[in-house]
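To start, the structure itself, in structure tokens.
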Amino acid sequence: MTETRAPLITPVLMAGCIIILVSFAIRASFGVFQIPIAEEFGWARAEFSLAIAIQNLAWGLGQPIFGAIAEKIGDRKAIILGALTYAAGLVASSYAVTPGAHQVLEILVGFGIAGTGFGVILAVVGRAASDDNRSMALAIATAAGSAGQVFGAPMAEWMLTLMPWQTVFGLFAVAILAVLLLLPMMRSDTVATRAELEESLSAVLKKAFRDPSYSLIFLGFFSCGYQLGFITAHFPAFVTEMSGAIDPSGPLASIGVTTTSALGAVSISLIGLANIAGTLYAGYLGKRYSKKYLLAAIYTGRTLVAALFILMPITPMSVILFSIAMGSLWLATVPLTSGLVAHIYGLRYMGTLYGIVFFSHQLGSFLGVWLGGRMYDAFGDYTMVWWIGVGVGAFSAIVHLPVKEQPLAARPA
């Protein structure tokens, strides 16, 4: 009798990919608004940086909350709430004229990202996938976020040449609401075990909090957020101001990249493009090798790439090489980290457990974005922020090594 293998590509996976793609296309574009908004209102760089930092922190706080909402009242209701919150934050932000107003309203945007991003969507995708397909399905959904990043920043840069930033925010709000049309596809039958279904959320959380491996995973995800948050928010401005001039007769100019501002937007796109391949490959490897060792290798690679970049002269070529190298390691941590959580602690409460771990990621993101603005205003450059990122990357590479990858339920009592 021929055994029927579960398909990798399912309606749940396709819908989840599109929702994450749109959510992250918007989220990845915020760095492009750094200079236009600051210049329009005469703000210090730290003001808008703090708004983006608060957005990242709210995203982290909202992640376990939306994970718990999804597990209590349903995944689709959580996504609806997230999209409505996201749109409300974008529309309200378009009317804000003070730094304080932007910073407060970014709380709504951050919670909206939480409801339409990795925590909720990956939990649905993970539960809908078979054991053999789970690592790759999580990688595909994560790579969809990078696909959004590929065109999110350049699209925002192009739209800003045609209309005010306030109008762009309004159009982004329409886009995130449009993904709700895909919700009928977001149906998944739980594949949790009977023991997992019978166990309460509080009991699972208690076990996880007592497990040193969960704490190590939590701590290790911090540097991922620091590096991603800082680069997403500040790299376009960093490239605009620090990169060498673009050769008007060179290959970049021939494809329309004639200013360092355009190069900054393209760099975010390149990171996202390289990350599609890197994340899919991480998912492929995650099915075959130890996830904790793969994570340690990724953080080591990030540390070396960041150190080499800041030690070299900043030129258009070094920006492109850095974007490709860092991009290949960018979100490769997400399917491995979420897959590790699911493997060790089960699928039933994956959304909440991964959401708590993701809060560490967003604490790092908050610090990276906020420190970037503060240190730029204090010293006129981002050098110290880069070296802190190198240090925390090395820390994360080390801290994953003692993680016990064996499922908690299978360990000796």
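The values are calculated or read from the model by the stated rules, or taken from the named source; none is laboratory data. From a predicted model like this one, the values you see are computed outputs, not experimental measurements. When we count neighbours, we look across all protein chains shown, and the Cβ atoms used for this are built from the backbone with ideal geometry, even at glycine. The protein model used for the area step is the full one, side chains on, heavy atoms only, and it has no ligands, DNA or RNA in it. Shrake-Rupley method; radii C 1.70, N 1.55, O 1.52, S 1.80 Å.
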Go through the stretch 284-311 and count every residue that is farther than 15 Å from CYS224 by Cα, part of a helix (DSSP H, G or I) and of a type in the set (D, E, K, R). 1
Report every pair of residues separated by at least 6 positions or lying on different chains whose Cβ atoms are under 8 Å apart, first residue within the stretch 282-304 and on the phi < 0 side of the Ramachandran plot, second outside any helix (DSSP H, G or I) and open to solvent by 60 Å² or more (accessible area, probe 1.4 Å). LYS287/ASP132; LYS292/LEU401; TYR293/LEU401; ALA296/LEU401
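Report whether or not GLY244 is without any contact (Cβ under 8 Å) to a residue 40 or more places away in the chain, surrounded by fewer than 16 Cβ atoms within 10 Å (Cβ to Cβ) and farther than 27 Å from PHE395 by Cβ. Reasoning before the result, please.
Details: without any contact (Cβ under 8 Å) to a residue 40 or more places away in the chain: no; surrounded by fewer than 16 Cβ atoms within 10 Å (Cβ to Cβ): yes; farther than 27 Å from PHE395 by Cβ: yes.
Criteria not met by GLY244.
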Pairs under 8 Å by beta carbon, first residue farther than 10 Å from LEU50 by Cβ in the stretch 366-385, partner part of a helix (DSSP H, G or I) and basic (Lys, Arg), six or more apart or different chains? TYR376/ARG45; ASP377/ARG45
What number goes with the only condition from (1) touching a Pro at 6+ places or on another chain (Cβ under 8 Å); (2) surrounded by 21 or more Cβ atoms within 10 Å (Cβ to Cβ) that GLY225 does not pass? (1)
Look at the stretch 167-195 and say how many of its residues are in a helix (DSSP H, G or I), open to solvent by 40 Å² or more (accessible area, probe 1.4 Å) and modelled with pLDDT under 90. 4
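Would you mind finding the one in LEU13, LEU61 that is farther than 19 Å from VAL91 by Cα and open to solvent by 30 Å² or more (accessible area, probe 1.4 Å)?
LEU61
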Which one of these does ALA38 not meet: (1) touching a residue at least 60 places away in the same chain (Cβ under 8 Å); (2) open to solvent by less than 30 Å² (accessible area, probe 1.4 Å); (3) closer than 18 Å to SER94 by Cβ? (1)
Can you name every residue in the stretch 62-82 that is of a type outside the set (Val, Ile, Thr), in a helix (DSSP H, G or I) and over 12 Å from ALA114 (Cα atoms)? GLU71, LYS72, ASP75, ARG76, LYS77
Might you check whether a residue that is among the small types (Gly, Ala, Ser), outside any helix (DSSP H, G or I), under 17 Å from SER338 (Cβ atoms) and open to solvent by 10 Å² or more (accessible area, probe 1.4 Å) occurs anywhere in the stretch 83-106? no
